[in-house]
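Enquirer: Below is the structure I would like to discuss, written out as structure tokens.
The values are calculated or read from the model by the stated rules, or taken from the named source; none is laboratory data. These figures come from a predicted structure and were not determined experimentally. All Cβ positions, even for glycine, are placed from backbone atoms using ideal geometry, and neighbour counts span all protein chains on display.
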Amino acid sequence: MAADSEDSPRQARLFVETPLQEAAIVELDPDRAHYLRHVLRLGNGDAVTLFNGADGEWRATIEAAGKRGGRLSVSTQIRTQESEPDLWLVFAPIKRARIDFIAEKATELGVAALVPVFTRYTAMTRVNVERLRANAIEAAEQTERLSVPEVREPVTLEKLLQDWPGERRLLMADESGAGQPIAVSLGGLDAAAKRQPWAVLIGPEGGFHRDELDLLRNLDFVTAVGLGPRILRADTAALAALSCWQALVGDWERPTPRLALDYKRRDAKER
Ligand code: SAH
């Protein structure tokens, strides 16, 4: 059964790294072909949709999918490209399952980049960037985004702040209680501040060191905010802060594009 039949609104969506246009042929490596056949249970002639972060979303048909790889033929564009708000998540890496959770959920919440940062009390010493990227791709496919967040190589907090692009505001989740409540801070921004690029900074499970708190609070691009009276785990804090930012500054005033697509489909049928 084709995956885009009427009773399954969830399209089989794939992120690809090739240009998308009418009649383009997209070659799939054996892993992606395997994913189509054995995870999505699709075969020759079935429809999928494709996006590459630049050319919007396209309908395509599976021409071949086997052990050695696969081939898709691209037909029509169904959405034009749109970008996510310019929001980074800067976070201290945490244990495997929780860092996977952060990559997946932050992608769903529309971040443009994931930036792992080593702070004084960060327990992890390494980050598997490839794994984070794979998680981000899968989440982007499922969440109907048209782009995959960039996953940066980890840096130390000092280096990050040294190289910080001055026009980008940094919303620091400050567990010490010294910051204003997040909704007060973000709710009070003027239109120009809302249009600036932003980043959310979340500390490690061990929290920020006192020196780090002092350093951060004295930088003019940093806004320290509180996330309420409870101490949240780092992954919860990340999602809470991203959600508040999206609701108050980001693009949550927009509906999902699905509604518009459904109407288009219905209109086409009635004609
Ligand atoms: N061990 C620390 C807590 C660290 S929680 C302590 O006991 O103080 C991990 C990170 O989540 C923090 O560094 C902060 O960035 C964020 N966070 C958690 N709860 C928060 C809150 N209530 N307000 C603001 N940030 C919070």
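Enquirer: Of the conditions (1) of a type in the set (Ser, Thr, Tyr); (2) closer than 22 Å to Gly250 by Cβ; (3) part of a loop (DSSP other than H, G, I, E, B), Ser176 clears all except one; give me its number.
Expert: With (1) of a type in the set (Ser, Thr, Tyr); (2) closer than 22 Å to Gly250 by Cβ; (3) part of a loop (DSSP other than H, G, I, E, B) applied to Ser176, the lone miss is (2).
Enquirer: Considering each of Pro181, Pro149 in turn, give the residue that is assigned by TED's automatic domain parsing to the domain that holds Leu109, more than 24 Å from Ala123 (Cα to Cα), within 11 Å of the ligand (Cβ to nearest atom) and modelled with pLDDT of 95 or more. Reasoning before the result, please.
Expert: Values: Pro149 fails: within 11 Å of the ligand (Cβ to nearest atom).
Exactly one residue qualifies, and that residue is Pro181.
Enquirer: Would you mention how many residues in segment 22-71 are under 17 Å from Ile137 (Cβ atoms) and among the basic types (Lys, Arg)?
Expert: Looking only at that region, the number is 1.
Enquirer: Working carefully through the options Glu84, Glu27, find the one that is assigned to a strand (DSSP E or B) and of a type in the set (D, E, K, R). Quick ask: steps written out before the conclusion?
Expert: Values: Glu84 fails: assigned to a strand (DSSP E or B).
Of the residues listed, the single one that is assigned to a strand (DSSP E or B) and of a type in the set (D, E, K, R) is Glu27.
Enquirer: Here is a list: Arg233, Arg217. Which entry is charged (D, E, K, R), near the ligand (Cβ under 7 Å from one of its atoms) and in contact (Cβ under 8 Å) with a residue 12 or more places away in the chain? Show your work before the answer.
Expert: On the way: Arg217 fails: near the ligand (Cβ under 7 Å from one of its atoms).
Just one listed residue meets the conditions, Arg233.
Enquirer: Filter segment 176-195 for residues that are more than 17 Å from Ala247 (Cβ to Cβ) and surrounded by fewer than 20 Cβ atoms within 10 Å (Cβ to Cβ) and give the result.
Expert: Taking segment 176-195 and keeping what is more than 17 Å from Ala247 (Cβ to Cβ), we get 176-179, 190, 192.
Those that are more than 17 Å from Ala247 (Cβ to Cβ) and surrounded by fewer than 20 Cβ atoms within 10 Å (Cβ to Cβ): Ser176, Gly177, Ala178, Asp190, Ala192.
Enquirer: Residue under question is Glu138, and the condition is that it be within 30 Å of Gln77 (Cα to Cα), surrounded by fewer than 19 Cβ atoms within 10 Å (Cβ to Cβ) and touching a helix residue (DSSP H, G or I) at 6+ places or on another chain (Cβ under 6 Å); does it hold? Reasoning before the result, please.
Expert: Numbers: within 30 Å of Gln77 (Cα to Cα): yes; surrounded by fewer than 19 Cβ atoms within 10 Å (Cβ to Cβ): yes; touching a helix residue (DSSP H, G or I) at 6+ places or on another chain (Cβ under 6 Å): no.
The answer is no for Glu138.
Enquirer: Scan segment 184-208 residue by residue and report those that are assigned to a loop (DSSP other than H, G, I, E, B) and either more than 10 Å from the ligand (Cβ to nearest atom) or aromatic (Phe, Trp, Tyr) (or both). Can you show your working first?
Expert: Step one: list which residues in segment 184-208 are assigned to a loop (DSSP other than H, G, I, E, B), which gives 188-190, 196-197, 203-208.
The answer is Gly188, Leu189, Asp190, Gln196, Pro197, Phe208.
Enquirer: If you don't mind, another one. Within 23 Å of Gln142 (Cβ to Cβ) and either away from the ligand (no atom under 16 Å from the Cβ) or of a type outside the set (Gly, Ala, Ser) (or both), is that true of Thr223? Even if it seems obvious, please write down each step before you answer.
Expert: Numbers: within 23 Å of Gln142 (Cβ to Cβ): no; either away from the ligand (no atom under 16 Å from the Cβ) or of a type outside the set (Gly, Ala, Ser) (or both): yes.
In short, no.
Enquirer: When you go through (1) over 21 Å from Met124 (Cβ atoms); (2) hydrophobic (A, V, I, L, M, F, W, C); (3) under 19 Å from the mean Cα position of the chain (by Cα) one by one for Val225, which number turns out not to apply?
Expert: Condition not satisfied by Val225: (3).
Enquirer: Restricting attention to segment 156-178, report how many residues are within 16 Å of the ligand (Cβ to nearest atom) and of a type in the set (Asp, Glu).
Expert: The qualifying residues number 2.
Enquirer: Continuing with the same structure: Is it the case that Ile102 is closer than 28 Å to Thr156 by Cβ, at pLDDT below 95 and assigned by TED's automatic domain parsing to the domain that holds Pro154?
Expert: It is false that Ile102 is closer than 28 Å to Thr156 by Cβ, at pLDDT below 95 and assigned by TED's automatic domain parsing to the domain that holds Pro154.
Enquirer: If you don't mind, another one. Output the residues belonging to segment 236-258 that are within 12 Å of the ligand (Cβ to nearest atom) and out of contact with any helix residue (DSSP H, G or I) (no Cβ under 7 Å at 6 or more places or on another chain).
Expert: The answer is Thr236, Ala237, Ala240.
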